[in-house]
Amino acid sequence: MLHIYYKPQFIRQLKKLSSPAQDEVIEKIEILKNKKNHKVLKVHRLHGKLKGTLSFSVNYKDRVIFEYVSKNEITLLVIGDHDVYR
C-alpha cells in the first residue's frame with residue numbers, strides 16, 4: 001500500500017474542481033494506493049521537462065501528475081486538464 005503526500009498546489013487545484021469531480025479524484029487516489037491497480041489507471045511515465053514524473057487519468061479531461069518519493073511513497077504534484085503537461 002502506497003503512502004500519499006500532497007503538494008499545496010495540488011490541494012488548491014483540487015478545491016477548485018466541482019464537488020463531483022473532487023469525489024472522482026479522491027476515488028482514483030484510493031485506487032492508486034494499491035500498485036496492482038496502476039494498470040487500471042493507465043499510469044505512465046512522462047518525458048521531456050516532466051521526466052521523472054508519472055501521470056494517470058481521472059477521467060477524459062483531468063490528469064494527475066505525481067512522483068515517487070520512495071518505493072512506497074508518492075507525492076501528488078498537480079491536477080488539471082492536458083495543460084498540466086506544459
(request) Amide H neighbours of Tyr5 under 5 Å, at least 5 residues apart or on other chains, H built in the peptide plane: list them. (result) Ile74, Thr75, Leu76
(request) State the antiparallel share, in %, of DSSP beta bridges confined to the chain, rounding to the nearest 5. (result) 75
(request) Could you tell me whether the range 1-58 comes out rounded, prolate or oblate from its Cα gyration tensor? Rule is a ≥ b ≥ c as square roots of the eigenvalues, rounded for a/c under 1.5, then prolate if a/b exceeds b/c, otherwise oblate. (result) oblate
(request) Convert each backbone phi in the range 61-74 into a coupling constant with the Karplus relation 6.51 cos²θ - 1.76 cosθ + 1.60 (shift: θ = phi - 60°), then list the ³J(HN,Hα) values in order as whole Hz, x for Gly and Pro. (result) 9, 9, 10, 10, 9, 9, 9, 7, 8, 8, 4, 10, 9, 10
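No value in this document is a laboratory result; all are computed from the given coordinates. A quick note: this is a predicted structure, and the numbers were derived from the prediction, not measured.
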